[in-house]
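K.L.:
Pasting a structure below so you can have a look.
Please treat every number below as a calculation from the coordinates, not as lab data. Computed from a predicted structure; not experimentally measured. Quick reminder, even Gly has a Cβ in these numbers, built from the backbone with ideal geometry, and neighbours come from all protein chains shown.
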Amino acid sequence: MNYVLFSRPKHDITMEYLFYYSKELVKLTEDSGLKAINLEKEGANKKTIIERIIKQKPNLIIFNGHGTAKTICGHKNEVIISGDENSEVLKDAITYSLSCSSASKLGPEAVSNGALAFIGYKFDFAIGRDPDSEASPRRDKIARFFIEPSNILVSNLIQGKNAKYSVFIAKEKMRENIDYLSTTKDFPDAIHYAPYLYGNHAGLVIRGNEEASI
Amino acid sequence: MTEENEYKEIEKEIVLERLRQVPPTFKISLGSAEGKFMNRDDLIEEVKKESSIGEEIINIQLAYLRAFKKGAFS
C-alpha cells in the first residue's frame, strides 16, 4: 500500500485557504486507491507527523505551512522539519512543500540526506485574496488562480506522474493564469496580482530526482 | 552614493510607483509567519523600510516586468 501523508494546519487565514483547497487532494488520494494519512489542524504537530512518517514510511509527503529557507512549520508554526535537525526523515520519499522558501536550503539538504525528491518554492509563496470574498476560500475568485496550479501538481503526483511532469503541468497552469490576470478586463484588480503569481512560477523547483514518482 | 546604490534606489522608486497604482482593496499573503494578508499600504511600507519582504516585493515586480518585456506573457 502506498501512503500519502498530508500536514494541513488551519491556525490562521492563509492556512485556512490551503486547508480548504487541499481537502480535494485527500479525497483524490483515497479515490486513487492510496492510503491518506491526513494530519490536520492540531494534528499537524511535530510529534505526530514525525511518528507517522517513521512508522508508515509514506511515499509522498505534502506539507501546507509557513516556512523559511531551512524549515517547514505546522500547527501554530511549530517547526516540523528543520535542515539543522531532522531532514533525514524525508528519506526515500517525494516531498511537496507548499510553504515559503523551503526549497532554497532545506530541499537540497533533505536530498543530500536521502530524500528522493523535494519539490517546493525557493522564494516566498504568494496567495492573492478577493476582497469581496469576506475571507471565504470557497467564494474567493482570486485565490484559486494561485492555489489551483499547486493542486494540479499534487494531483499529478498522486496519480503516479513523475516530479518533472507534475511541475511542468503546474507551471503551464501558472502561465495560463498569469496571461489571464495580465490581460483580462473581467475585474480591474487582476493585473496587480499577476507579478506575485509570476513569483510563484519562478520559485517552483525540484531538488533531487526529477524522474521520481510514487 | 555609488552607481549600484543609485540603481537600486531607481528600482525601488519604480516599484513604489507601481504599488501606488494598486487599489486599496488589494490583498496578498506573502512570506508572513502570521499568515496575514497584506494590503497596498503594507506592501509600500515593507518596500520603504527595505525589509526582507520589501526586497522580495522589489525582486518579484522587477522580474515580472522583465518577463513581460521579453514577451513571456500575452
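K.L.:
Check B:I44 against each of (1) within 25 Å of A:M174 (Cα to Cα); (2) in contact with a helix residue (DSSP H, G or I) (Cβ under 7 Å, 6 or more places away or on another chain) and name the one condition it does not meet.
P.N.:
With respect to (1) within 25 Å of A:M174 (Cα to Cα); (2) in contact with a helix residue (DSSP H, G or I) (Cβ under 7 Å, 6 or more places away or on another chain), B:I44 is out only on (1).
K.L.:
Another one. Is there a residue being surrounded by fewer than 24 Cβ atoms within 10 Å (Cβ to Cβ), over 25 Å from B:T25 (Cβ atoms), within 14 Å of chain B (Cβ to nearest Cβ) and in contact (Cβ under 8 Å) with a residue 40 or more places away in the chain anywhere in the stretch A:112-122? Write out each step before concluding.
P.N.:
So the first thing to find is which residues in the stretch A:112-122 are surrounded by fewer than 24 Cβ atoms within 10 Å (Cβ to Cβ), and the list is A:112-114, A:116, A:122.
If we keep only those that are over 25 Å from B:T25 (Cβ atoms) as well, we get A:112-114, A:116, A:122.
Those left that are additionally within 14 Å of chain B (Cβ to nearest Cβ): A:122.
Narrowing the set further to residues that are in contact (Cβ under 8 Å) with a residue 40 or more places away in the chain leaves A:122.
Yes: the stretch A:112-122 contains one or more residues that are surrounded by fewer than 24 Cβ atoms within 10 Å (Cβ to Cβ), over 25 Å from B:T25 (Cβ atoms), within 14 Å of chain B (Cβ to nearest Cβ) and in contact (Cβ under 8 Å) with a residue 40 or more places away in the chain.
K.L.:
Would you confirm, using the coordinates I've provided, whether B:K48 is of a type outside the set (A, V, I, L, M, F, W, C), without any contact (Cβ under 8 Å) to a residue 60 or more places away in the chain and farther than 16 Å from A:Y193 by Cα?
P.N.:
Values: of a type outside the set (A, V, I, L, M, F, W, C): yes; without any contact (Cβ under 8 Å) to a residue 60 or more places away in the chain: yes; farther than 16 Å from A:Y193 by Cα: yes.
Considered against the rule, which asks whether it is of a type outside the set (A, V, I, L, M, F, W, C), without any contact (Cβ under 8 Å) to a residue 60 or more places away in the chain and farther than 16 Å from A:Y193 by Cα, B:K48 comes out as yes.
K.L.:
Given the residues B:L62, B:L43, which is the only one that is surrounded by fewer than 18 Cβ atoms within 10 Å (Cβ to Cβ) and in contact (Cβ under 8 Å) with a residue 12 or more places away in the chain?
P.N.:
Details: B:L43 fails: surrounded by fewer than 18 Cβ atoms within 10 Å (Cβ to Cβ).
One residue alone meets the criteria, B:L62.
K.L.:
Next up: Which residues, taken from the stretch A:185-214, are of a type in the set (D, E) and farther than 17 Å from A:A103 by Cβ? Steps first, answer last, please.
P.N.:
So in the stretch A:185-214, the residues of a type in the set (D, E) come out as A:186, A:189, A:210-211.
Of everything in the stretch A:185-214, those that are of a type in the set (D, E) and farther than 17 Å from A:A103 by Cβ turn out to be A:D186, A:D189, A:E211.
K.L.:
Among (1) within 28 Å of A:L18 (Cα to Cα); (2) facing chain A (nearest Cβ under 10 Å); (3) in a helix (DSSP H, G or I); (4) of a type in the set (A, V, I, L, M, F, W, C), which single condition is B:V15 missing?
P.N.:
All conditions are met except number (1).
K.L.:
Show the residue pairs that are 6+ apart or on different chains and have beta-carbon atoms under 6 Å apart, the first residue being within the stretch A:162-191 and farther than 16 Å from A:I142 by Cβ and touching a residue at least 24 places away in the same chain (Cβ under 8 Å), the second being among the β-branched types (V, I, T) and assigned to a helix (DSSP H, G or I).
P.N.:
A:A170/A:I152
K.L.:
What's the number of the condition A:D92 fails, among (1) over 18 Å from A:S112 (Cβ atoms); (2) surrounded by fewer than 16 Cβ atoms within 10 Å (Cβ to Cβ); (3) without any contact (Cβ under 8 Å) to a residue 60 or more places away in the chain?
P.N.:
(1)
K.L.:
So A:A163 ticks every box in (1) more than 14 Å from chain B (Cβ to nearest Cβ); (2) among the aliphatic types (A, V, I, L, M); (3) surrounded by fewer than 19 Cβ atoms within 10 Å (Cβ to Cβ) but one. Which box is left unticked?
P.N.:
All conditions pass for A:A163, except number (3).
K.L.:
Only one of (1) within 11 Å of the chain's Cα centre (by Cα); (2) away from chain A (no Cβ under 13 Å); (3) of a type in the set (D, E) is not met by B:D41, so which one is it?
P.N.:
(1) is the only condition that B:D41 fails.
K.L.:
Please go through the stretch A:200-214 and give me each residue that is touching a residue at least 60 places away in the same chain (Cβ under 8 Å) and either away from chain B (no Cβ under 13 Å) or surrounded by fewer than 23 Cβ atoms within 10 Å (Cβ to Cβ) (or both), ordered by number.
P.N.:
So the first thing to find is which residues in the stretch A:200-214 are touching a residue at least 60 places away in the same chain (Cβ under 8 Å), and the list is A:200, A:202-210, A:212-214.
If the condition is that a residue be touching a residue at least 60 places away in the same chain (Cβ under 8 Å) and either away from chain B (no Cβ under 13 Å) or surrounded by fewer than 23 Cβ atoms within 10 Å (Cβ to Cβ) (or both), then A:A202, A:G203, A:L204, A:V205, A:I206, A:R207, A:G208, A:N209, A:E210, A:A212, A:S213, A:I214 are the ones that fit.
K.L.:
If you go through the stretch B:44-74, how many residues are acidic (D, E), out of contact with any Lys or Arg (no Cβ under 9 Å at 6 or more places or on another chain) and more than 9 Å from every other protein chain (Cβ to nearest Cβ)?
P.N.:
So the answer is 3.
K.L.:
Is at least one residue of the stretch A:131-142 under 25 Å from A:T29 (Cβ atoms) and crowded, with 17+ Cβ neighbours inside 10 Å?
P.N.:
Taking every residue of the stretch A:131-142 in turn, at least one turns out to be under 25 Å from A:T29 (Cβ atoms) and crowded, with 17+ Cβ neighbours inside 10 Å.
K.L.:
Restricting the stretch A:130-160 to residues that are within 14 Å of another protein chain (Cβ to nearest Cβ) and polar (S, T, N, Q), which is farthest from A:M1 (Cα to Cα)?
P.N.:
A:S133
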